[in-house]
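Heads up: the structure comes next, in structure tokens.
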Number of protein chains: 2
Amino acid sequence: MENILKTQAVAKPEVINMLKQKGISPTQQRVEIAQILFSKPQHLSADQVMGIVNNGEQRVSKATVYNTLGLFANKGLVREVIVDPTKIFYDSNIQSHHHFYNVDSGELTDIHAHTVQLNSYPELPEGTEADGVDIVVRLRNKKD
Amino acid sequence: MENILKTQAVAKPEVINMLKQKGISPTQQRVEIAQILFSKPQHLSADQVMGIVNNGEQRVSKATVYNTLGLFANKGLVREVIVDPTKIFYDSNIQSHHHFYNVDSGELTDIHAHTVQLNSYPELPEGTEADGVDIVVRLRNKKD
DNA sequence: ACAGCAGTTTAGACAAAGTCTATATTAATG
DNA sequence: CATTAATATAGACTTTGTCTAAACTGCTGT
């Protein structure tokens, strides 16, 4: 589990409101995790969240971290980003945008929605509806 | 490990040539796996390949299946598709194209390259070069 | 033919992310 | 405030994938 310093948090009442608006009861653990996630637009793995929330003392269990991140993603509070075959990243920015993924460093950065545009759209298979479009530009470090 | 029937294979000499052209020495195990992969355009997980190649008797070890698929991907013989957080799919079609991923069924299907087009392109971060663009349209089953 | 050698393959131990289960704790409700 | 429903927890477990050390394969040059 990574050990990362907790930076400035978001105001508690603000976060509590966000949760309530999505129909999530704001328990202590959920609020703590939400404060970390929404301190800024960022991409965190479950393990990283675990490390930040439990920096020093143990306050939230592994199961709760996983449950909570899954719940948040389900309710549309955060977005899952699947680019690394070994783990899920949770993106605190749910505005439409895409990602660069540096295969060498594991770094994940944003591509603003308007710099990439689809000008045509495939027909969806029978009986299905689109749930989202993910565009990932994979990067390598130049070695010149 | 899944147990799937092996369908019609590709001719051995043909596959051996493909491997040689990419600088891969065509060992028995590699040829067997390549014959399965290239029998048609498809998306298979390591576990599925394992199931097909070893249908009935055990002929290729787990380590070799993983090594071989990794090697093939590295040499550009197959393409890794990362859409399912629990496993990698290997796509035997390396032509430029994209994917539908049905979140409910786990089904992965192709989107022809020409039905989706990027009409602008983001600036790449300093010191990096693009390694590929993956577009994934996530689907859910309609429940009406 | 065959000793030596590099490249492969193998079984099984191991690692890491994530899930599950049964129990304990907390929060909500009347 | 007692009861009940919802959450949180520790730790066992599962799955995908990696690693390691030993065995095997098939060349090479003599």
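Name the pairs: first residue in the range B:57-68 and touching a residue at least 24 places away in the same chain (Cβ under 8 Å) and closer than 18 Å to residue B:90 by Cα, second residue open to solvent by 50 Å² or more (accessible area, probe 1.4 Å) and near DNA strand C (Cβ under 6 Å from one of its atoms), Cβ to Cβ under 8 Å, at least 6 apart or on different chains?
Listed by first residue and then by second, the contacts come to B:60/B:29; B:64/B:29; B:68/B:29; B:68/B:30.
Residues of the range B:70-81 being within 12 Å of DNA strand D (Cβ to nearest atom) and either away from chain A (no Cβ under 12 Å) or open to solvent by 20 Å² or more (accessible area, probe 1.4 Å) (or both), which ones?
Within the range B:70-81, B:70, B:71, B:73, B:74, B:80 qualify.
Could you check how many residues of the range B:132-144 are open to solvent by 80 Å² or more (accessible area, probe 1.4 Å), at the interface with chain A (Cβ under 7 Å from one of its Cβ atoms) and without any contact (Cβ under 8 Å) to a residue 24 or more places away in the chain?
Count: 1.
Spot the failing condition for residue B:95; the list is (1) open to solvent by 50 Å² or more (accessible area, probe 1.4 Å); (2) within 13 Å of DNA strand C (Cβ to nearest atom), and only one is missed.
Only one criterion in (1) open to solvent by 50 Å² or more (accessible area, probe 1.4 Å); (2) within 13 Å of DNA strand C (Cβ to nearest atom) is unmet by residue B:95, namely (2).
Would you be able to say whether some residue in the range A:31-44 is within 14 Å of DNA strand D (Cβ to nearest atom), without any contact (Cβ under 8 Å) to a residue 12 or more places away in the chain and open to solvent by 20 Å² or more (accessible area, probe 1.4 Å)?
Within the range A:31-44 (the criterion being within 14 Å of DNA strand D (Cβ to nearest atom), without any contact (Cβ under 8 Å) to a residue 12 or more places away in the chain and open to solvent by 20 Å² or more (accessible area, probe 1.4 Å)), the answer is no, since none of the residues qualifies.
Could you check the range A:120-131 and list, in sequence order, the residues that are in contact with a His (Cβ under 9 Å, 6 or more places away or on another chain) and exposed (fewer than 13 other Cβ atoms within 10 Å of the Cβ)?
Selection gives A:120 alone.
Which condition from (1) open to solvent by 60 Å² or more (accessible area, probe 1.4 Å); (2) more than 7 Å from chain A (Cβ to nearest Cβ) is the one that residue B:117 breaks?
Failed condition: (2).
Output the residues belonging to the range B:38-70 that are of a type in the set (A, V, I, L, M) and either under 11 Å from the mean Cα position of the chain (by Cα) or within 7 Å of DNA strand C (Cβ to nearest atom) (or both).
B:44, B:46, B:49, B:60, B:63, B:69
Within the range B:82-114, restricting attention to residues that are within 16 Å of residue B:47 (Cα to Cα) and touching a helix residue (DSSP H, G or I) at 6+ places or on another chain (Cβ under 6 Å), which residue is farthest from the other protein chains (Cβ to nearest Cβ)?
The residue in question is B:92.
Give me the pairs: first residue in the range A:100-128 and farther than 11 Å from residue A:83 by Cβ, second residue among the basic types (Lys, Arg), beta-carbon distance under 8 Å, and six or more apart or on different chains, which are they?
A:104/A:140; A:127/B:142; A:128/B:140; A:128/B:142
The values are calculated or read from the model by the stated rules, or taken from the named source; none is laboratory data. All values reported here derive from a predicted model rather than from experimental measurement. Neighbour counts run over all protein chains shown; Cβ positions are idealised from the backbone, glycine included. Calculation scope for accessible area: heavy atoms of the full protein, side chains included, ligands and nucleic acids excluded. Shrake-Rupley method; radii C 1.70, N 1.55, O 1.52, S 1.80 Å.
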